[in-house]
1. Might you report the magnitude of the Cβ-based charge dipole of segment 350-446 about its Cα centre, with Lys and Arg at +1 and Asp and Glu at -1, to the nearest 20 debye?
2. Note down the nm distance, to one decimal, between modelled labels 7 Å out along Cα→Cβ at LYS419 and at THR45.
3. What is the Cα radius of gyration of segment 4-68 over 2.2 N^0.38 Å, N being its residue count?
4. DSSP loop (so not H, G, I, E, B), at most 16 other Cβ within 10 Å: list which GluC sites (Glu not before Pro) in segment 2-80 pass both filters.
5. In nanometres, what is the gap between the two model label sites at GLU430 and GLU36, each 7 Å from Cα along Cα-to-Cβ?
6. For SER67 and LEU204 in one chain, what is 0.36 nm times their gap in residues minus the Cα-Cα distance, to one decimal in nm?
7. Could you list which residues have their amide H under 5 Å from that of SER401, counting only those 5 or more apart in sequence or on another chain, with H placed in the peptide plane?
8. Considering only DSSP beta bridges whose two residues both sit in segment 350-446, what percent are antiparallel, to the nearest 5?
Amino acid sequence: MSKNKTTLPIKGMHCRSCEIVIVDELTKIPGVVKAEASLSKKEVTVICDSEVSKKKLKKAIAKAGYSVGVEATLPWITREAAVINNFLGVMLLISFLYLAYVFLGLDGLLIRERLAPTSFLMIFVIGLTAGVSTCMAVVGGLVLGLSTRFNKANPEMSTSQKLRPHFWFNLGRLMGFFILGGVLGVVGGVLSPSPFFVGFFSILTALVMLFLGAQLTGLFPRLSQFSLTLPSSLSRRLGVGRMGEYSDKSAAFAGAISFFLPCGFTQSMQLLAVGTGSFLFGGLTMAVFALGTMPGLLGIGGLSAFFKGRAAASFYTFAGVMVIVFSLFNFRNGLNLIGLRPASLLSSQVRGVEATEGEAKTVEAVYTERGLEPWSINVTAGAKTKLVIDVLADGVGCMTSMTLPSLDRQLLPVRRGMKLEYNFTANPGEHLITCSMGMLHGKIVAI
């Protein structure tokens, strides 16, 4: 039996999910044996074992939410005055909010919270803090970018429908954190990521967030034709990414794998879970922390469900700019962790207490509630050096662990009464001292 092959150009495709939806509708037509949609080519090829009119094919494509035709070539940078004016207005608002934040001294109030992870109550409070701070920058940035794109593509949905993905995302996150936290408790430090891995993942995450943010601003129309998605075959198998037919499983899956996203508080709790040595307590540690992050993540993810029309356009721009800010934050910290970011712009008094111990020089410092003292430590370039840090106060947030990315990649816990030891031979220059998230907490000057 002869088969007919028809290829049609498609307008409106923007991700791998589009391929799945179009193919699903076309294969429902009697006589259609196979259909293959291509996001890169913006076309679909249909193979039939009997005569099927183009009218039926076009009707099925329209039912899927697309149309037959050649996509117009969009410019890389928008020329629409309304979009540019909207962006400038948003930047003015963000600048005003930032100046007010600094002027009122709120940045100083949020520097340190004296919360020691000694109980599930404290772990929950740490989760609340993380959900509106560092984890918001990593997980919240992705949730905001992805959820806003979802809602923008489905404006006809009700508010409750738009909030549903966030409910399942956080439920999947809660369950995933319990299971994976339990695995950490059993396996111990085997699955604990190295600072270099975390730094690499931070940079990769930052690039994804930068792409999403640039799309949301509307300043770069051509970017809307590209999408970072799973291959359609894997998406179909996982049930991930169907825009036309919502999948609770896809949202829950995304929440579960957020366990691996590089947030300093998350990594701190992961270290705590490792130390429990128990599946139950390791799982409960991570689950209680995830529960604490829910209000912040539900808040930022759900905001995009309440804006429509002109207000929606402004919100999408605002969200895009904030996602870009989050991406730059993570990119900087990623460079810190892999040892590529110079510290030459840092200024501080250089001092340190040195003593000779065999062939190595010992440099002493202390960690207090104010942080590392001294902030800048002087060592001899090319000489074997041991840095000993006397911990006088528990570390908080990402500073429950410390590392020297370019000198000694050990990620050591910061707990009251401990003495942290790092052994290295430093090249001339400045080397950063960071927390597990890559945030700067001091430097070593090798002279």
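1. It comes to approximately 120 debye.
2. The two pseudo-label positions are separated by 7.1 nm.
3. The value comes to 0.96.
4. GLU51, GLU71, GLU80
5. In this crude spin-label approximation the distance works out to 5.6 nm.
6. Working it through step by step, the gained length comes to 45.9 nm.
7. VAL414, SER436
8. Roughly 65 percent of the beta bridges in segment 350-446 run antiparallel, per DSSP.
Every number here is computed from the coordinates shown, using simple stated rules; none is lab data. Computed from a prediction, not measured in an experiment: that's the story for all the values here. Don't worry about glycine lacking a Cβ; one is built from the backbone with ideal geometry, like all the others, and counts go over all protein chains shown.
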